[in-house]
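Everything below concerns the one structure shown next.
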Amino acid sequence: MKRVRQFPDVTVLAFHDDISLVAPVRQLDSVLRWSQEHLRRIGAKLQLAKCTILHHPEVVPELARQTNLASIAQTTEGLCLHGVPIGSPTYVSHQTRRLLLEHEKLIEGILRLPSDALPQQLCLFRYCASGRSTYFLRALDNTAGAVLAREVDARSLQVLSRLCGPLHDHPFLSAGDAKLVQAQIQLPCRWGGLGFSSQARVQPAAAVDAWLQLFRGPLADLTPTLRLKQLLLNTADPATSPTTLTALAAEIRHLLRTVSENLPADCSSSVARAATWDGLLNQSCAPRSTPPTQTTAEDPPRPLTRVQRAFANALHCAAYQDIIDDPTVPAYTRARLRSATGGASGTWFRDIPTASATFVTRQQLIANIRQLLGSPLTAHRSSEACSSCRHTHDVYGYQLLHRCSRSTRMRIHRHNELVRTIVRLLRGWGFTDVVVEPGPMNEETPQREPDIQAIHPRTHRTLFFDVVVTSPFLTRLLQRTATRTGYAANTAAQRKIHKYSVIVNDPEDFIPIAIETYGCLGNRTMADLRRLTRHLDSDHTILSRAIANLNRTLWRGNAWVALGGSTNPSSTN
């Protein structure tokens, strides 16, 4: 390939053993003749039967005069280069429909897996089928990419409903609630969604990124590329005599304008600077977007080699804020979404399938998905006033699973499983004399019994841990949890600190593990976990794994509460 570049008018594109040449007809004939002679010397042969020439109809007579090119298949419509259609609008449109048919075949293959393989089906669907369509969004032209994105999005929602039962299309949901469920499905897992990102939302960003790679890649020095770049950087009106490049530059500017109009107002400065071609071509790095209002450690800036990721994070952030900042959205929905936001909060769904102790069954997985999305739970029905809590139960489980005493036994079981997980983590971190339920800390206050007692491996101080899972739907907290992320967990942690303050001499000796029902950890809990793992190597990795383990255990417990709470307690083993 390096030797082919000795021909000045030939552009070489290579991927593994596939080589594409862009050149005038006469130069192309010379390159092929030279290639046949050179490849023979190294024991290789050019398979002309596998070659195709894409050319303009006007050069047909000139092609006929080149004897070396006469035996090669020729087309004026288009061809597929690395699976991407290139050619006339009609050809690209036809091939886009072919891509949709291939996407459908892949989905049907996933759906044919056994019904008990739901975790594997969701994993293949999210990482294989959706990932494949993202590749084509970066390669297709804007019109074809938009068509592909819309069709893939519509099919994705249908597949999810087929795998998990009615979600956004549940008959009990109003039109407004169905729209909210659909929007939440398309959010990233760490922002309370299922990670099935809207292809239509990121399609303009993918197209912008593809053009940016052209200006940064090996073809950046070509004359047409340089002219197109100059047109994009020129803020004045285009030339009075429009050309193909000026029309193309206007279309590319419109793509970036579409992206910038949908960015959140408080997006990072580096992403904001990239909202113009002048800033985009000179951009060097951008921090990763984190859930709004979430207290997290500062991440170091990373090279902005793919603006698609940076823009996609910002666009998902805007969709997330549209829900949590809208006062017309029900408080239950905003509180639930905020409670499911944060680092590792979506680990239970993102990392399936898993063979660990936190593996969930198909029934448990579907119950958790419905709880997360606020979709009606299959086993729940509206009822008259409950004899236990004196309130009416709803189909979403808000009353039965979060407030009613009928689910108390399963909530205690979830709490105990979290305690066992923390014990395993402490022992793995080198803590000694780890004791579960050590008994009252003081004879005068027998009601104050921590869940865990352990000795720190470095300071040798005795630490006390108390676990609490709190619901964002408690009546006295609902209005605040709907507007403040982590409010329920922070409030529960403060209550625990106040409870043990009269016994523990040093506040740092007491660790409240406060976690909300949907995964959000309290600020004090996050800070204490960082402090407890500070003596270990790879602190960030170990802490992330610890939070992920807590999240998986929590959601497995949530499934127990949902499924156990929907049955008669006396009939449950």
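The values are calculated or read from the model by the stated rules, or taken from the named source; none is laboratory data. These figures come from a predicted structure and were not determined experimentally. Don't worry about glycine lacking a Cβ; one is built from the backbone with ideal geometry, like all the others, and counts go over all protein chains shown. Note: accessible area is taken over every heavy atom of the protein model, side chains too, but ligands, DNA and RNA are not part of it. Shrake-Rupley method; radii C 1.70, N 1.55, O 1.52, S 1.80 Å.
Could you please find all residues in segment 310-359 being among the β-branched types (Val, Ile, Thr), open to solvent by less than 20 Å² (accessible area, probe 1.4 Å), assigned to a loop (DSSP other than H, G, I, E, B) and at pLDDT 90 or above?
Scanning segment 310-359 gives a single hit, 329.
One residue is enough: does segment 87-97 have a residue meeting the conditions at pLDDT below 85, part of a strand (DSSP E or B) and surrounded by 13 or more Cβ atoms within 10 Å (Cβ to Cβ)?
no
Scan segment 384-406 and tell me whether some residue there is outside any helix (DSSP H, G or I), open to solvent by less than 70 Å² (accessible area, probe 1.4 Å), touching a Pro at 6+ places or on another chain (Cβ under 7 Å) and not aromatic (Phe, Trp, Tyr).
Yes: one or more hits.
How many of the residues in segment 71-86 are in a loop (DSSP other than H, G, I, E, B), more than 10 Å from residue 53 (Cα to Cα) and in contact with a helix residue (DSSP H, G or I) (Cβ under 7 Å, 6 or more places away or on another chain)?
First, the residues of segment 71-86 that are in a loop (DSSP other than H, G, I, E, B): 71-72, 76-77, 82-83.
Within this subset, residues satisfying the condition of being more than 10 Å from residue 53 (Cα to Cα) are 71, 77, 82-83.
With the extra rule that they be in contact with a helix residue (DSSP H, G or I) (Cβ under 7 Å, 6 or more places away or on another chain), the set shrinks to 71, 77.
Number of matching residues: 2.
Quick one: which of 481, 541, 533, 459 is surrounded by fewer than 21 Cβ atoms within 10 Å (Cβ to Cβ) and farther than 18 Å from residue 344 by Cβ?
On the way: 481 fails: surrounded by fewer than 21 Cβ atoms within 10 Å (Cβ to Cβ); 541 fails: farther than 18 Å from residue 344 by Cβ; 533 fails: farther than 18 Å from residue 344 by Cβ.
Testing whether each residue is surrounded by fewer than 21 Cβ atoms within 10 Å (Cβ to Cβ) and farther than 18 Å from residue 344 by Cβ leaves just 459.
From the list 115, 130, 161, which one is over 30 Å from residue 81 (Cβ atoms), at pLDDT below 85 and of a type in the set (Gly, Ala, Ser)?
Numbers: 130 fails: over 30 Å from residue 81 (Cβ atoms); 161 fails: at pLDDT below 85.
Step by step, each of 115, 130, 161 is checked, and only 115 is over 30 Å from residue 81 (Cβ atoms), at pLDDT below 85 and of a type in the set (Gly, Ala, Ser).
Among the residues of segment 544-558, count how many are hydroxyl-bearing (Ser, Thr, Tyr), surrounded by 21 or more Cβ atoms within 10 Å (Cβ to Cβ) and out of contact with any helix residue (DSSP H, G or I) (no Cβ under 6 Å at 6 or more places or on another chain).
Restricting attention to segment 544-558, the residues satisfying the condition of being hydroxyl-bearing (Ser, Thr, Tyr) are 544, 553.
Narrowing the set further to residues that are surrounded by 21 or more Cβ atoms within 10 Å (Cβ to Cβ) leaves 553.
Pick out the ones that are also out of contact with any helix residue (DSSP H, G or I) (no Cβ under 6 Å at 6 or more places or on another chain) and you get none.
Residues flagged as hydroxyl-bearing (Ser, Thr, Tyr), surrounded by 21 or more Cβ atoms within 10 Å (Cβ to Cβ) and out of contact with any helix residue (DSSP H, G or I) (no Cβ under 6 Å at 6 or more places or on another chain) within segment 544-558 amount to 0.
Got a sec? Which helices (runs of 4 or more DSSP H) wholly within segment 176-280 have at least 2 residues that are modelled with pLDDT of 85 or more?
199-216, 223-233, 244-261
What are the residues in segment 41-69 that are in contact with a helix residue (DSSP H, G or I) (Cβ under 7 Å, 6 or more places away or on another chain), open to solvent by less than 70 Å² (accessible area, probe 1.4 Å) and at pLDDT below 80, if any?
Passing the criteria: 46, 59, 62, 63, 66, 68, 69.
Of the residues in segment 484-527, how many are open to solvent by less than 30 Å² (accessible area, probe 1.4 Å), acidic (Asp, Glu) and outside any helix (DSSP H, G or I)?
1
Looking at (1) buried (at least 22 other Cβ atoms within 10 Å of the Cβ); (2) part of a helix (DSSP H, G or I); (3) more than 15 Å from the chain's Cα centre (by Cα), which one does residue 167 not meet, given that it meets all the others?
Against the list (1) buried (at least 22 other Cβ atoms within 10 Å of the Cβ); (2) part of a helix (DSSP H, G or I); (3) more than 15 Å from the chain's Cα centre (by Cα), residue 167 comes up short only on (2).
The rows are residues; the columns are (1) within 29 Å of residue 329 (Cα to Cα); (2) modelled with pLDDT of 95 or more; (3) of a type in the set (D, E, K, R).
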| position | (1), (2), (3) |
| --- | --- |
| 451 | no, no, yes |
| 459 | no, no, no |
| 472 | yes, no, no |
| 479 | yes, no, no |
| 502 | no, no, no |
| 507 | no, no, no |
